[in-house]
Amino acid sequence: MEDGEAIALALEEAKSAALRGEVPVGAVLLGADGALLAQGGNRIVELKDPTAHAEMLVMRAGARALNNERLTGTTLYVSLEPCAMCAGAMAMARVGRLVFAACDPKGGAVLHGPRFFEQPTCHHRPVVEQVETHAAEAGEILRDFFRARRG
């Protein structure tokens with residue numbers, strides 16, 4: 001699967017999350033060979049689990065699919081810049097590459113906030129890429145969701 005297809009699939013997962021009343025974040029995990037390992041969106045409200053971020057769910061499913069706690073060589077595609085929890089999990093899982101659409105100046109931890117992967121205590125740093133061609137769409141999905149919630 002190509003980068004464009006994978007990030008578009010992550011955006012579809014974000015839209016599905018919004019329809020479930022979840023903050024619209026979606027993620028897709030591809031194996032080192034480019035095969036789809038997992039896809040999903042936030043399920044924090046549904047599962048009553050503060051760790052049920054799209055990235056966490058997809059990494060868990062990917063680890064099960066690979067039968068390995070290490071996600072070496074995988075690429076994680078996310079509609080929104082990951083938070084510190086998810087960045088930490090990526091480092092622990094040794095995700096090879098992170099590709100995300102929209103920046104999150106408030107809660108993001110990759111290019112903003114703690115800049116997790118730049119910390120000397122971070123033992124693994126995935127290659128990080130922002131796909132700006134999809135940033136506007138990802139941002140609009142989030143803005144529409146929160147605009148509707150505010151009424």
Size of electric dipole in the chain: Cβ of Lys, Arg +1 and of Asp, Glu -1, about Cα centre, debye, nearest 20 = 580 debye
Between the DSSP loop rule and a limit of at most 14 other Cβ atoms within 10 Å, which GluC sites (Glu not before Pro) in segment 30-101 are left?
-> GLU69
For the chain, what % of the accessible area comes from carbon and sulfur atoms, probe 1.4 Å?
-> 55 percent
Which of the trypsin sites (Lys or Arg not before Pro) found in segment 35-131 are loop residues per DSSP with 12 or fewer other Cβ atoms within 10 Å of their Cβ?
-> LYS48, LYS106
Interchain or sequence-distant (5+) residues whose placed amide H lies within less than 5 Å of the amide H of LEU98 are LEU76, VAL127, VAL128, GLU129
Once the mean of 1/r over all distinct C-alpha pairs in the chain is inverted, the Kirkwood radius in Å reads 15.0 Å
How are the Cα pair distances of segment 1-78 distributed, in percent, across 10 Å bins from 0?
-> 23, 51, 24, 2
Euclidean distance between Cα centres, segment 8-53 to segment 133-151, Å = 16 Å
Taking the convex hull of the alpha-carbon atoms of segment 81-151 and averaging its shadow over every direction gives an area in square nanometres of 4.9 nm²
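The values are calculated or read from the model by the stated rules, or taken from the named source; none is laboratory data. Note that the structure is a prediction, hence the values are computed from the model and not measured. As a convention, Cβ positions derive from the backbone with ideal geometry for all residues, glycine included, and neighbour counts pool all protein chains shown. Heads up: the accessible areas ignore ligands, DNA and RNA and are worked out on the full protein's heavy atoms, side chains in. Shrake-Rupley method; radii C 1.70, N 1.55, O 1.52, S 1.80 Å.
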